[in-house]
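Engineer: Would you mind keeping the following structure in view while I ask a few things?
The values are calculated or read from the model by the stated rules, or taken from the named source; none is laboratory data. Source: prediction; values computed, not measured. Heads up, the Cβs are rebuilt from the backbone with ideal geometry, glycines too, and the neighbour counts pull from every protein chain shown. Just the protein is used for accessible areas: all its heavy atoms, side chains included, with ligands, DNA and RNA removed. Shrake-Rupley method; radii C 1.70, N 1.55, O 1.52, S 1.80 Å.
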Amino acid sequence: MDNVVLADSEGAIETRGIEPVPDQERHGRVRELFPTWVAANISVLLLTMGAALVVFNALNFWQVLIVAACAALASFGMVGVLSVSGKWGGAPGAMLSRATFGVRGNLFPGAILWVARFGWETINAVTGAYAVLTVLDLLFGIKSNNVLIVITLFVFVACTFLVSGMGRKALNVCNKWSTYLFGIFSVLVLGYLIATMDWDEVFSKPAGTTAMMITGIGTIAAGGISWVPTGPDFTRYLPHAASGKKIVGTTISGAGLVMVPMVLMGAVMAVATPGLAEAPDPVSFLGDILPTWLAVPYLVTAIVGMLLINSLSMYSAGFTAQSMGVKLPRAMAVSINAVISLVGGLLLMLVAKSFLSSFITFLILLAVSFSAWIGVYAVDMARRRARAVRYDPEGLMDTGRTSRYWYVGGFCWQAMTAWTIALVAGICFTKCDWFTGPLASTFVGKYGLSWAATIAISALLMAVLPAPRESAPAADSVGSQRESAAA
């Protein structure tokens, strides 16, 4: 079995690792998810992405509104639905995935998800560091240089590591207060834009093509899709009786409350400042658009928000590392991601020529890499719900041949087949700055639907292949294998 410490996590610092949470410790409430998913979207990158919809996709205000709403609904709808498995099994998504792919098979999609999470954390760390540099420039006139870049990035990553290492309770408290602060300043920014923008110019912009709208939905949704495998991490402390519908609704509403207005704000800003989407960094433009008295506090709250986004991501990344055999406590496993984020961030800030192009390319590849996992995992969830079968805690922790999820040689060949074929197909449909797949010129490729096609292919293959047969559970745990079919 995995070498982890079984511990009660009700203290200020969470010590529980990947082991399933016992029923008697399930004291979480669904409403706690709301500030979690609000905080997960407090990023000025959404402003830049909204601006890109206007500058690069040539969309008007109403089209951007539709794109933002559809992206929030699609991506965080999937986050909410798959998060329900967390309350079923009381374990992180990386662990529950063992039941889907097999003890050994789970290492392959887990490795790709882990690598993709490195990139997401690096992007957020860089954005946070740029925000700090912008505040220093606005307040004290301190201009950015290589030494200052290294220092700010190091401080940001270090703070992220400290917060994520403390665990669920600390994150819940931080999420709650950052939601309040960011909400207040976002309303002030929105009010300023309403009072100062030339709205005739905003609403007179001609409509873009349907193809560009669909492509935009995929780009904006990519960030939300990256949270899908980690959704169960934040519901594993919920009791079995928690409403699945409320989990989904709270997740969508929390994310949508931030995503939609921020993407719209970025689009409005781009009308007045077309160069926003092509800025050398994703933050400094705020100093040109907003007065200092508003830009500084807004950026400070955004810095806290981006720190929390990275903390949530690193929190889950620690579970992924443990599920892949890293023999470290969760808080220490997080340090691996912190180091990689620091190194990757330095390369992006000091070497890369264009932040935005690198970011958009990363989002496209990120969505495809996560989508192959989503389709397979969703079908496995549906089958468990239909059969009213609970995840087996002992089977999840057992990495040997006696595991309930050993399947054939440690691999669930059905899940592995569906995941592999879908991943390859998704890459073939993809076109970005770094790569153009052989099927990128097809309808799916032109409309930026490689992520949707990947989900559909993996889900369809998993559904038509023979249902996997799990090993029989131990005699003393047979009675605990039935789960209420109510989601």
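Engineer: Using beta carbons and a limit of 7 Å, which pairs, at least six apart or on different chains, have the first residue in the range 45-56 and under 18 Å from L299 (Cα atoms) and the second one polar (S, T, N, Q)?
Structural biologist: L45/T127; M49/T219
Engineer: I'd like to check something: does the range 291-298 contain any residue that is outside any helix (DSSP H, G or I) and either within 18 Å of I42 (Cβ to Cβ) or at pLDDT below 70 (or both)?
Structural biologist: no
Engineer: Another question, if that's okay. Looking at the range 75-119, which of its residues are at pLDDT 90 or above and under 25 Å from G216 (Cβ atoms)?
Structural biologist: Those that are at pLDDT 90 or above and under 25 Å from G216 (Cβ atoms): S75, F76, G77, M78, V79, G80, V81, L82.
Engineer: Also: Looking only at residues that are open to solvent by 80 Å² or more (accessible area, probe 1.4 Å), in a loop (DSSP other than H, G, I, E, B) and of a type outside the set (G, A, S) in the range 436-479, which one is modelled with the lowest pLDDT?
Structural biologist: R469
Engineer: Please work out which residue is least open to solvent (accessible area, probe 1.4 Å), limiting yourself to the range 353-368 and to residues that are at pLDDT below 85 and of a type in the set (V, I, T).
Structural biologist: Among those that are at pLDDT below 85 and of a type in the set (V, I, T), it is T361.
Quick grid of which residues meet (1) closer than 19 Å to I289 by Cβ; (2) without any contact (Cβ under 8 Å) to a residue 40 or more places away in the chain:
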| position | (1), (2) |
| --- | --- |
| W199 | yes, yes |
| A207 | no, no |
| M212 | no, no |
| T230 | no, no |
| I252 | no, no |
| V268 | yes, no |
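Engineer: Going by the structure shown, is Y180 in contact with a Pro (Cβ under 8 Å, 6 or more places away or on another chain) and either closer than 28 Å to N57 by Cα or surrounded by fewer than 18 Cβ atoms within 10 Å (Cβ to Cβ) (or both)?
Structural biologist: In short, no.
Residues are listed down the side, and each one gets a yes or a no for (1) surrounded by fewer than 17 Cβ atoms within 10 Å (Cβ to Cβ); (2) over 29 Å from A295 (Cα atoms):
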| residue | (1), (2) |
| --- | --- |
| A195 | yes, no |
| G223 | no, no |
| P239 | yes, yes |
| K246 | yes, yes |
| A255 | no, no |
| V263 | no, no |
| V271 | no, no |
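Engineer: Return the residues of the range 21-59 that are assigned to a loop (DSSP other than H, G, I, E, B) and farther than 24 Å from A129 by Cβ; say none if nothing qualifies.
Structural biologist: V21, P22, R26, H27, G28, R29, F56, N57, A58, L59
Engineer: Of all residues in the range 52-71, how many are open to solvent by less than 40 Å² (accessible area, probe 1.4 Å), farther than 12 Å from V268 by Cβ and β-branched (V, I, T)?
Structural biologist: Residues flagged as open to solvent by less than 40 Å² (accessible area, probe 1.4 Å), farther than 12 Å from V268 by Cβ and β-branched (V, I, T) within the range 52-71 amount to 1.
Engineer: While we're on this one: Yes or no: A40 closer than 25 Å to T210 by Cβ, crowded, with 24+ Cβ neighbours inside 10 Å, in contact with a helix residue (DSSP H, G or I) (Cβ under 7 Å, 6 or more places away or on another chain) and in contact (Cβ under 8 Å) with a residue 60 or more places away in the chain?
Structural biologist: So A40 fails the test.
Engineer: Given the residues W62, W114, which is the only one that is part of a helix (DSSP H, G or I), over 19 Å from the mean Cα position of the chain (by Cα) and more than 21 Å from E470 (Cα to Cα)?
Structural biologist: Within the list W62, W114, the selection yields W62.
Engineer: Do you know which of the residues in the range 369-389 that are in contact (Cβ under 8 Å) with a residue 24 or more places away in the chain and open to solvent by 50 Å² or more (accessible area, probe 1.4 Å) is nearest to E19 (Cα to Cα)?
Structural biologist: By that ranking, first place goes to R385.
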